[in-house]
Amino acid sequence: MTDVSSMGSGPGDDRENLTNRQGHPVYDNQNQRTVGARGPATLENYQFLEKISHFDRERIPERVVHARGVTAYGYFEAYGAWGDEPIDRYTRAKLFQERGKRTDVALRFSTVIGGRDSSEAARDPRGFAVKFYTEDGNWDLVGNNLGVFFIRDAIKFPDVIHALKPDPVTFEQQPRRIFDFMSQTPECMHMLVNLFSPRGIPADYRHEQGFGVNTYKWVNQQGETVLVKYHWMPKQGVRSMTEEDAANVQAQSTGHATKDLYEAIERGDYPEWELLVQVMEDHDHPELDFDPLDDTKTWPEQEFPPKPVGRMVLDRMPDNFFAENEQISFGTGVLVDGLDFSDDKMLVGRTFSYSDTQRYRVGPNYLQLPVNQARKAPVRTNQRDGQMEYFVDKDGESPQVNYEPSLIDGLREAEYPTHDEQGPEITGRLTRKRIPRTNDYLQAGQRFRLMEDWERDDLVKNFTDLLSQCDRPVQERMIWHFFLVENELGQRVGEGIGIGADDVKHLEPLASQDLTDEDRERLANLG
Ligand code: HEM
């Protein structure tokens, strides 16, 4: 921090001169060039026009979701094992192999719905996006703090986000729109039970979990694949806020979580998370009551124990919030050798969406920005030009042959690592169908029963407050869903808004849903 008291603008001031971006010294930064002291201004006023037109362009489009966020840097340190087993049995990804091996990371925490300056005490899922700068190129693990998601097919993403975002006419976020959509989307029940409990407002970014949410694959040296889910557990513990706590925090600051992170790292209190991974054989697991590719589900920990594979420490904040937080770009397609996609229908949609929006939001050469570059791996492409390109990414080689194949010069294809494509063989008709085993209520009910009393009370209160602002048909359908989640939830929220089981038992299941035998039994016993 500069000592302002010793500064002056006269002789003895040893600061550097201000220039414009052409390198011209700025002699007068207070007055435009005008005809006489009272104007008019002249159009050749280059210095002024440069200054003001750059200012006019300071904002780039904010992220369409997750606009409010903060980036921090640190490292990931591998344990070299999956629990007690050698990790190379499951993945050949280099960053995991050796005990103690460190990989630089950037982590961006975020909220989802609000704009860039919105409150960090909002009830909202939190984004938890980690970029690993590995020697094989970058790996992005783009997750959230709740472990599940609202929907299981990417085609519904714009709708769920429109329902959650402010009304397009009044620009007010409205429970009536949110629950209108949710009441017609039973797959979101598991997410709602999490989001409207205290977990929906983490105390700050340091005290929240992270999850990959979607199902990915690991690939070993033999090309064998397993399905995996990722979990980040904070060493600091998990802390959440009730609606009332959050209102108090928000009354003081809308950026308390960013401030908390800056302050913790500044005082050397580096936050740390352990990465745990669940593994499942790579097939459709007909024995389970859910589909392993369904991101509205968690995998039972008794059957699929999460095992530690490493830890992550954050120890540095960015120097330039815009360059490192606004322009950092993550995507689910950004994987390295030994890691792979699954056929999860959300993951496929996400993988298109991220780089698509980043070409628009940041620009087609967004991967040349320092924060997004694969810093630890050579980058040599034949991609050229486009807005703001400022070097040829060929890692220093002669840039003339910008095509492949060539007998003259240029780049050649890398050799494919060790094996042909593996994994289950897939056949089927082209179709538009939801997955079997939707089982929308079971895990939502289990989550509700696992909550502590105060969490359950807060959940019921939140649902009651918000549903009381909704239209009667939406209220009835939501109470119907809640009875299917867990009798107590339907009963208590229903009581709060004056709707009992008798008022909803006439409702037919939605055309867009499948019920299990257990769901039907619950319905038969309603009222
Ligand atoms: C950000 C799309 C589901 C986590 C974004 C962005 C888009 C997007 C367009 C803005 C990216 C940018 O401007 O750089 C989608 C689509 C989804 C989906 C189409 C479903 C099909 C999810 C899910 C999660 C998630 C399930 C959590 C597991 C995130 C995070 C960010 C983000 C953490 C912020 C990344 C950052 O900090 O820059 N998403 N998303 N998204 N999404 Fe998703």
### Message
Let me spell out the model: positive unit charges on the Cβ of Lys and Arg, negative unit charges on the Cβ of Asp and Glu, origin at the Cα centre of the stretch 151-193. What dipole size does that give, in debye rounded to 20?
### Response
40 debye
### Query
Quick one: putting +1 on the C-beta of Lys and Arg, -1 on the C-beta of Asp and Glu, what dipole do you get for the stretch 23-125 around its Cα centre, in Debye to the nearest 20?
100 debye
### Message
Quick check: convex hull over the Cα atoms of the stretch 359-457, volume per residue in Å³, rounded to an integer?
### Response
328 Å³
#### Entry: Added length on full extension, which subtracts the Cα-Cα distance from 0.36 nm per residue, ASP503 to VAL313
63.2 nm
### Query
In degrees, nearest 10, range 0 to 90: what is the angle between the Cα axis of helix 487-497 and the longest Cα principal axis of the chain?
70 degrees
#### Entry: Between the stretch 310-383 and the stretch 30-97, the alpha-carbon center distance in angstrom
13 Å
### Summary
Along the dipole axis of the chain (charges at Cβ: +1 for Lys and Arg, -1 for Asp and Glu; origin at the Cα centre), the most positive-end residue among TYR403, PRO417, ASN525 is TYR403
### Task
Calculate the spin-label point distance for ASP14 paired with TYR416, positioning each point 7 Å from the Cα along the beta-carbon direction, and give it in nanometres.
6.4 nm
#### Entry: Acute angle (nearest 10 degrees) that the helix 243-252 long axis makes with the longest principal axis of the chain, alpha-carbon atoms
20 degrees
#### Entry: Ranked list, fewest to most other Cβ atoms within 10 Å of each Cβ, for CYS188, CYS470
CYS470, CYS188
### Query
Want the number for ILE426 to VAL64: 0.36 nm per residue separation, take away the alpha-carbon distance, what's left?
126.9 nm
### Summary
Listing ASP88, ASP519 by rising number of other beta-carbon atoms within 10 angstrom, fewest first, gives ASP88, ASP519
### Summary
In degrees rounded to 10, the 0-90 angle between helix 472-485 Cα long axis and the longest Cα principal axis of the chain is 70 degrees
### Summary
For LYS101, the lysines lying under 17 Å Cα to Cα, once residues fewer than eight places off in the same chain are dropped, come out as LYS131, LYS376
### Task
Please report GLU303, GLU413 as a ranked list, fewest other C-beta atoms within 10 angstrom at the top and most at the bottom.
GLU413, GLU303
### Task
Calculate the all-directions average of the projected area of the chain's alpha-carbon convex hull, and give it in nm².
33.2 nm²
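Every number here is computed from the coordinates shown, using simple stated rules; none is lab data. Nothing here was measured: the structure is a model prediction, and the numbers come from that model. Here the Cβ is made from the backbone with ideal geometry for all residues, glycine too, and neighbour counts use every protein chain on show.
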